[in-house]
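The values are calculated or read from the model by the stated rules, or taken from the named source; none is laboratory data. The shown structure was predicted, so the numbers you read here are calculated from the model rather than taken from an experiment. Ideal geometry is used to build each Cβ from the backbone, glycine not excepted, and the neighbour counts take in all protein chains shown. Side chains are part of the model used for accessible areas, which takes the heavy atoms of the whole protein and leaves out ligands, DNA and RNA. Shrake-Rupley method; radii C 1.70, N 1.55, O 1.52, S 1.80 Å.
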Amino acid sequence: MKTPGEKPLDGKIALVTGGSRGIGRAIAVELAGAGAFTFVNYVRNKEAARETLRIMENRGGEGSLLSFDVSDSDAVQDAIRGITEEKGRIDILINNAGITLNGIFVRTKPEVWDSVMDINLKGVFNCCRSATRYMMKQRWGRIVNMTSVVALSGNAGQVCYSASKAGIIGLTKSLARELGPRNICVNAVAPGFIETDMTVSIDDAGRGKVIDQIPLGKTGTPDDVAVVVAFLVSGKADYITGQVIHVNGGLYM
Ligand SMILES: NC(=O)c1ccc[n+]([C@@H]2O[C@H](COP(=O)([O-])OP(=O)(O)OC[C@H]3O[C@@H](n4cnc5c(N)ncnc54)[C@H](O)[C@@H]3O)[C@@H](O)[C@H]2O)c1
């Protein structure tokens, strides 16, 4: 039996979108380890999401799986309502789900733009819209949105992706201004090159080129990002809102 107040996030209810693998999995494990009951959202790969839950539980954390597509407003609304019906509240929302569909701009079809925007940007809008209704009533909430270094630096071949991630920064800052008076902090985290399934297809030559530009001389890990997210939703970051925190080894500064 846990004693309340033992861990920094004891009693908090969290949702991590795209929590079945990569950065999302590391965040879910970190938040559950810090005491939050953590809902792990996944869209297709239930087995991978189960593995996230297993890791959380092996480390003494608690949570549950929740399947929905972040780009589907109705599904998001139902899922978040379900969390509040089951747990009475939602305290922490981590908008981590995202996709990359890279390619040369002149060959990019409008459908690619739509897919990337629907998941990366509208997905964040959908989840914030549903969760903040409850956070406003609670007068407490913490939201962290996953943007990217390329939102600020730009990257050839990533026009749609970087536009979606730049949109997240505008959304984050505006929401932080609007919801600050309700004690809801909204921040963004901008990872650089993190080793996950998303970056695994980059060949050694491409990887080498990026590493050459990183002052710390190495790529990052999902845990490097997760600890920053856990800090931002903890009581130690109560006076931080509307910020973009870079986790990139110095790649962009
Ligand atoms: N890996 C990096 O170098 C890097 C750098 C900067 C930003 N990011 C961002 O960090 C986040 C996590 O990236 P990652 O590297 O772990 O990628 P990943 O591809 O391993 O994980 C992305 C997760 O999002 C989920 N997802 C995709 N579409 C979804 C949808 N419609 N609804 C719900 N979930 C959906 C996937 O199932 C997966 O679990 C993404 O937003 C990504 O853009 C990653």
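Using a 1.4 angstrom probe on the protein heavy atoms only, line up Arg133, Arg89 by accessible area, largest first.
These residues rank, largest area first, as Arg133, Arg89.
The stretch 13-247: D in µm²/s via Stokes-Einstein (Kirkwood Rh, Cα pairs, 10 °C, 1.306 mPa s)?
89 µm²/s
Mind checking which lysines have their C-alpha under 21 Å from Lys209, skipping anything on the same chain fewer than 8 residues away?
Cross-link targets: Lys218.
With a sphere of radius 10 Å drawn around the Cβ of Phe68, what net charge do the other residues whose Cβ falls strictly inside it have (Lys, Arg +1; Asp, Glu -1)?
Net charge in that neighbourhood comes out at -4.
Given a 1.4 Å probe and the protein chains all in place, what does the accessible area of Met146 round to, in Å² to the nearest 10?
About 10 Å², ignoring ligands and nucleic acids.
Find the relative contact order for the stretch 1-110 and round it to a whole percent, using C-alpha pairs within less than 8 Å whose residues are 6+ positions apart.
Computed value for the stretch 1-110: 28 percent relative contact order.
Report, in whole Å, the centroid distance computed from the Cα atoms of the stretch 33-93 and the stretch 196-253.
Here the two parts' Cα centres lie 23 Å apart.
Sort the following peptides by mean Cβ neighbour count (other Cβ atoms within 10 Å, averaged over residues), highest first: 175-186, 103-114, 38-49.
Most protected by this proxy first, the peptides run 38-49, 175-186, 103-114.
Taking amide H positions as placed 1.01 Å from N in the peptide plane, with prolines and chain starts having none, which residues 5 or more places from Val247, or on another chain, fall under 5 Å of its amide H?
Ala190, Gly192
Sum up the charges of everything whose Cβ sits under 13 Å from the Cβ of Pro222, counting Lys and Arg as +1 and Asp and Glu as -1, but leave Pro222 out.
Local charge sum for Pro222: -3.
With N set to the number of residues, divide the alpha-carbon radius of gyration of the stretch 7-97 by 2.2 N^0.38 Å and report two decimals. It would help to have the intermediate numbers written out before the result.
Values: Rg = 11.7 Å, N = 91, 2.2 N^0.38 = 12.2 Å.
Ratio of Cα Rg to 2.2 N^0.38 Å: 0.96.
How large, in percent, is the carbon and sulfur part of the accessible surface of the stretch 13-247 at a probe radius of 1.4 Å?
Details: 5520 of 10910 Å².
Solvent-exposed carbon and sulfur of the stretch 13-247 make up 51 percent of the total.
Over the stretch 17-163, with the other protein chains present, what is the accessible area per residue in square angstrom, probe 1.4 angstrom?
Per residue, the stretch 17-163 has an accessible area of 45 Å².
Test of understanding: express the Cα radius of gyration of the stretch 87-193 as a ratio to 2.2 N^0.38 Å, with N the residue count.
Working: Rg = 14.8 Å, N = 107, 2.2 N^0.38 = 13.0 Å.
Taking the Cα Rg and dividing by 2.2 N^0.38 Å, one obtains 1.14.
When Lys and Arg each count +1 and Asp and Glu each count -1, what net charge do the other residues less than 13 Å away from Ala26, Cβ to Cβ, add up to?
-3
In degrees between 0 and 90, to the nearest 10, how far off the longest principal axis of the chain does helix 22-33 point, with axes built from Cα atoms?
20 degrees
At 1.002 mPa s and 20 °C, plugging the Kirkwood radius over alpha-carbon pairs of the stretch 131-253 into Stokes-Einstein gives what diffusion coefficient in µm²/s?
Here the translational diffusion coefficient equals 139 µm²/s.
How much mean residue ellipticity at 222 nm does the chain get from its helices, if each DSSP H run of length 4 or more adds -39500 (n - 2.57) and you divide by all residues, to the nearest 500 deg cm²/dmol?
Helix contribution divided over all residues of the chain: -13500 deg cm²/dmol.
Excluding same-chain residues fewer than 8 positions from Lys12, which aspartates and glutamates have a Cα within less than 18 Å of its Cα?
Excluding near neighbours in sequence, the set is Glu30, Glu57, Glu62, Glu85, Glu86, Asp91, Asp238.
Name the long-range amide H neighbours of Glu62: under 5 Å, sequence gap of 5 or more, or other chain; modelled H, no Pro or chain starts.
Thr38
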